[in-house]
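Worksheet: the structure to be examined is printed underneath.
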Amino acid sequence: MLDHVFTDAISALRDAFEAAFLERQAFEEHFQADVLLGDLTWETSYGLPGEGEPPRVVAHITFDWPAWSQAAYRQWYVEAELERRPAIEMEIVLRIQRMAEPVDPAMLFNAVPEQSPLVGDDRLERAGLTSEIAHPDTAIDPLDFTTEYAAEITFEGLYELAEETVADGTSTLLDEHFGALGGWIASTLVKLGDLPLAFLPPDDND
């Protein structure tokens, strides 16, 4: 396993999601490297258990480790000096899908807060809402007239790593900070799933 503070943060978040009884979505996890800029990106998706496929509500999480964070981390690693705290750029997209009808954006905004709980020294801020309409291709299936609706609410923020975390990946700070995030995502997905909306059946029940 790669010994790096970024992978330590990923492990801490995975543990937080498992503790919150969230279910990782199969084939939805990716770890990518930008060979030109040097950024690292980790993406994963979690939903509530027993939701079917695809789930009605799901959280898409993206962690970015930018090149400037790697430069700060390398300076500490080589010189044992931390002039600038490295940070992870975080994006969390709460998606409600498989809807049979469009949803009033005000209902979704009222169901989720404007900010996340504290994650380290900062909070994730709500960045906006996107609505989506998926129309069936009747040229492929002439009997399929089902229009599907979805909506996404995005939260964005920055997690600055404490010096003790950079120096020791086993620091409990990562578990404490991401533990709060895991519980918040789980409770928010439950709130979205409890909204009085009409949903299409999951694919595995068709």
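The values are calculated or read from the model by the stated rules, or taken from the named source; none is laboratory data. Note that this is a predicted model, so its numbers are computed, not measured. Note: ideal-geometry Cβ built from the backbone for every residue, glycine included; neighbour counts use all protein chains shown.
If Ala72 satisfies all but one of (1) touching a Lys or Arg at 6+ places or on another chain (Cβ under 9 Å); (2) within 15 Å of Ala9 (Cβ to Cβ); (3) modelled with pLDDT of 90 or more; (4) of a type outside the set (Lys, Arg), what's the number of the condition it fails?
Of the numbered conditions (1) touching a Lys or Arg at 6+ places or on another chain (Cβ under 9 Å); (2) within 15 Å of Ala9 (Cβ to Cβ); (3) modelled with pLDDT of 90 or more; (4) of a type outside the set (Lys, Arg), the odd one out for Ala72 is (3).
Need the failing condition index for Leu192 against (1) surrounded by fewer than 13 Cβ atoms within 10 Å (Cβ to Cβ); (2) modelled with pLDDT of 85 or more; (3) in a helix (DSSP H, G or I), just the number.
(1)
Among the residues that make up the range 169-188, is at least one of them among the aliphatic types (A, V, I, L, M), at pLDDT below 85 and either within 18 Å of the chain's Cα centre (by Cα) or over 30 Å from His4 (Cα atoms) (or both)? Let's see the steps before the verdict.
Step one: of the range 169-188, the residues among the aliphatic types (A, V, I, L, M) are 173-174, 180-181, 185-186.
Now restrict to residues that are at pLDDT below 85: 173.
Checking which are either within 18 Å of the chain's Cα centre (by Cα) or over 30 Å from His4 (Cα atoms) (or both) leaves us with none.
No, the range 169-188 contains no residue that is among the aliphatic types (A, V, I, L, M), at pLDDT below 85 and either within 18 Å of the chain's Cα centre (by Cα) or over 30 Å from His4 (Cα atoms) (or both).
How many of the residues making up the range 70-84 are surrounded by fewer than 10 Cβ atoms within 10 Å (Cβ to Cβ) and either within 26 Å of the chain's Cα centre (by Cα) or among the hydrophobic types (A, V, I, L, M, F, W, C) (or both)?
Counting residues in the range 70-84 that are surrounded by fewer than 10 Cβ atoms within 10 Å (Cβ to Cβ) and either within 26 Å of the chain's Cα centre (by Cα) or among the hydrophobic types (A, V, I, L, M, F, W, C) (or both) gives 2.
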